[in-house]
Amino acid sequence: MPGLDEKLQDIYAEVLQRNPGEAEFHQAVREVLDSLGPVVAKHPQYVDAAVIRRLCEPERQIIFRVPWVDDAGTVQINRGFRVEFNSALGPYKGGLRFHPSVYLGIVKFLGFEQIFKNSLTGMPIGGGKGGSDFDPKGRSDAEVMRFCQSFMTELYRHIGEHTDVPAGDIGVGGREIGYLFGQYKRITNRYESGVLTGKGLSWGGSQVRPEATGYGTVFFTEQILDRRGDSFEGKRVVISGSGNVAIHAVEKVHQLGGTVVACSDSSGYIVDDKGIDLELLKEIKYERRGRIHEYPELSGSTAYFVDSGSIWEVPCDIALPCATQNELNGADARVLVENGCRIVAEGANMPCTPEATRLFAEAGVTFAPGKAANAGGVATSALEMQQNASRDSWSFEHTEQRLESIMRGIHDRCLETAEEYGTPGDYVAGANIAGFTQVADAMLALGIV
Ligand code: NDP
């Protein structure tokens, strides 16, 4: 296992052996372990008390059947998951993903990442994740509602404001959270706002929660630029995806003076050199529930759609991958480097492959990993929980200021920790080590549980 500290090799071998076939989970664990060599050298107690081995084993994994009836009257069966990974810092917290690619390995990779991300926010939240292989695409509202109701009919017994607090992720937005919350309320006969985050504003939601992940990624990138006396002004930016995270990243880049020239969905990408028309993008995605290829015709501009190749071929100064895991590989990284891209910040979870991140490091491209750069979403979920607990609701401006200051704090913690452990400027090491040590210390304090 080249590159991996000797003390950590057995731990990683055990993860591979105990979790066969879960490639994304292996990748996420390896990425964290790769940073922990200097930590275990300084603090052998983390290995001695099996803290790292315990961290790699979820506290609880729930897999359940989700039967529902489609509009044609046919019975459909999906599989539901909730992996409650680590609660040393607070109740499990992490989103639900509805996408046909979902299986245990994806949920575990996301849950594992979530532990460190949530720790980095400095807020009292543990790590978890869930979802289903249900595909909401092309389903009617009524079908999505029946699916969500069936999903919650099992999930409700495992969650609660002090136990486990799910939110959205790919395929789960305000509509789905509404149906899930409605069913939870109906079954439990409790208006327990703190059980889910990402709620609508009129029923316990927080300002800025829909925007938070995208805005947060851009605030984090702004900090990187700021450290070199630079800003978004005049920068060409490429953002993959056109969902919740991508749309709000586009919005914030434009507010800060940058120009987003390309975005995508799973069928291809669009290029608009004048800058993506955000209102049109929102109309296509939210109102029409349409596809990105509709953009050029509706915009009537010189924008064009490309249905093959990679969005990363579009030259840019800054790249923000905001779609899905492993969407930016070594070949993409090479093209970005050749085209002069200087900063890559992950809005999605683990969108860059290990080869891509290695190439960025070699080429001196600043790389911000998702567990730091996209932590604004879960941080604002924690702000939503705070508002629910105090039956309060804050203004947009106040909540956005809190988000911005949280992102600045995460940025600074990453840099300070990287410096402390002898890898100055390395955001990956900084994020992994800072996230890890806080959880590890809590686990040591709580005993063998
Ligand atoms: P959405 O469902 O709103 O949007 C996902 C976007 O990514 C869509 O444009 C979708 O295209 C595209 N996409 C999904 N799967 C693929 C694929 N296999 N290949 C190419 N494109 C794909 O999800 P979010 O915006 O909420 O999430 C995006 C990423 O951000 C995920 O990695 C998620 O885990 C992460 N994230 C989200 C947070 C949140 O608050 N929502 C918080 C932190 C991280 P199409 O419609 O064609 O499928």
Does the range 413-422 include one or more residues that are within 16 Å of the ligand (Cβ to nearest atom) and assigned to a helix (DSSP H, G or I)? no
When you scan the range 80-94, do you find a residue that is closer than 20 Å to Thr213 by Cβ, within 14 Å of the chain's Cα centre (by Cα) and buried (at least 19 other Cβ atoms within 10 Å of the Cβ), even just one? yes
Suppose the filter is more than 16 Å from the ligand (Cβ to nearest atom), open to solvent by less than 30 Å² (accessible area, probe 1.4 Å) and not assigned by the TED database to the domain that holds Pro315; does Ser193 pass it? yes
Output for Cβ contacts, cut-off 8 Å, separation at least six or different chains, first residue under 19 Å from Ala429 (Cα atoms) in the range 1-25, second acidic (Asp, Glu), reads Gly3/Asp34; Leu4/Asp34
Where the second residue is open to solvent by less than 60 Å² (accessible area, probe 1.4 Å) and the first is among the polar types (S, T, N, Q) and lies in the range 173-194, which pairs have Cβ atoms under 6 Å and are six or more apart or on separate chains? Gln183/Gln149; Gln183/Met152; Ser193/Gly204; Ser193/Asn388
Suppose we filter Val75, Val40 for residues that are in contact with a Phe, Trp or Tyr (Cβ under 8 Å, 6 or more places away or on another chain) and open to solvent by less than 20 Å² (accessible area, probe 1.4 Å); which single one remains? Val40
Scan the range 267-289 for residues that are open to solvent by less than 50 Å² (accessible area, probe 1.4 Å) and basic (Lys, Arg) and jot them down. Lys282, Lys285
Under 21 Å from Ser101 (Cβ atoms) and either open to solvent by 10 Å² or more (accessible area, probe 1.4 Å) or at pLDDT 95 or above (or both): does that describe Cys341? no
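Every residue, every condition in (1) within 19 Å of the chain's Cα centre (by Cα); (2) within 10 Å of the ligand (Cβ to nearest atom), yes or no:
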{"position": "Gly204", "(1), (2)": "no, no"}
{"position": "Thr217", "(1), (2)": "yes, yes"}
{"position": "Phe220", "(1), (2)": "yes, no"}
{"position": "Gly229", "(1), (2)": "no, no"}
{"position": "Phe232", "(1), (2)": "no, no"}
{"position": "Val245", "(1), (2)": "yes, yes"}
{"position": "Ala249", "(1), (2)": "yes, yes"}
{"position": "Gly258", "(1), (2)": "no, no"}
Check whether at least one residue in the range 322-332 is touching a residue at least 60 places away in the same chain (Cβ under 8 Å), crowded, with 16+ Cβ neighbours inside 10 Å and either more than 16 Å from the ligand (Cβ to nearest atom) or of a type in the set (A, V, I, L, M) (or both), and report yes or no. yes
Condition set outside any strand (DSSP E or B) and open to solvent by less than 10 Å² (accessible area, probe 1.4 Å), scope the range 310-321, selection nearest to Ser231 (Cα to Cα): answer is Cys316
Failed item in (1) of a type outside the set (D, E, K, R); (2) within 15 Å of the ligand (Cβ to nearest atom); (3) open to solvent by 30 Å² or more (accessible area, probe 1.4 Å); (4) part of a loop (DSSP other than H, G, I, E, B), with Pro210 passing the rest: (4)
Quick one: Ser264 ticks every box in (1) out of contact with any Leu (no Cβ under 8 Å at 6 or more places or on another chain); (2) within 11 Å of the ligand (Cβ to nearest atom); (3) open to solvent by less than 30 Å² (accessible area, probe 1.4 Å); (4) assigned to a helix (DSSP H, G or I) bar one, so which box is it? (4)
Which condition number does Phe305 fail, the rest of (1) more than 11 Å from the ligand (Cβ to nearest atom); (2) part of a helix (DSSP H, G or I); (3) within 20 Å of Lys137 (Cβ to Cβ) being met? (2)
Residues being of a type in the set (Gly, Ala, Ser) and farther than 28 Å from Glu355 by Cα - total across the range 27-63: 2
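Arg157 - would you say it is under 23 Å from Asn86 (Cα atoms) and modelled with pLDDT of 95 or more?
Judged against the criteria, Arg157 is a match.
Out of the range 97-154, which residues are outside any loop (DSSP other than H, G, I, E, B), of a type in the set (A, V, I, L, M) and either open to solvent by less than 10 Å² (accessible area, probe 1.4 Å) or without any contact (Cβ under 8 Å) to a residue 60 or more places away in the chain (or both)?
Once the filter is applied, which keeps residues that are outside any loop (DSSP other than H, G, I, E, B), of a type in the set (A, V, I, L, M) and either open to solvent by less than 10 Å² (accessible area, probe 1.4 Å) or without any contact (Cβ under 8 Å) to a residue 60 or more places away in the chain (or both), the range 97-154 yields Ile106, Val107, Leu110, Ile115, Leu120, Val144, Met145, Met152.
Among the candidates Leu336, Leu359, single out the residue that is away from the ligand (no atom under 16 Å from the Cβ), in contact with a strand residue (DSSP E or B) (Cβ under 7 Å, 6 or more places away or on another chain) and in the same structural domain as Tyr215 (by the TED database).
None of the others qualify; the one that does is Leu336.
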Which numbered condition Pro166 misses (of (1) in a helix (DSSP H, G or I); (2) in contact (Cβ under 8 Å) with a residue 12 or more places away in the chain): (1)
Restricting to the range 362-375, name every residue that is in a helix (DSSP H, G or I) and within 16 Å of the ligand (Cβ to nearest atom). Gly370, Lys371, Ala372, Ala373
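The values are calculated or read from the model by the stated rules, or taken from the named source; none is laboratory data. Since the model is a prediction, treat every value here as computed from it, not as a measurement. Heads up, the Cβs are rebuilt from the backbone with ideal geometry, glycines too, and the neighbour counts pull from every protein chain shown. When the accessible area is computed, the model is the full protein with side chains, heavy atoms only, and any ligands, DNA or RNA have been set aside. Shrake-Rupley method; radii C 1.70, N 1.55, O 1.52, S 1.80 Å.
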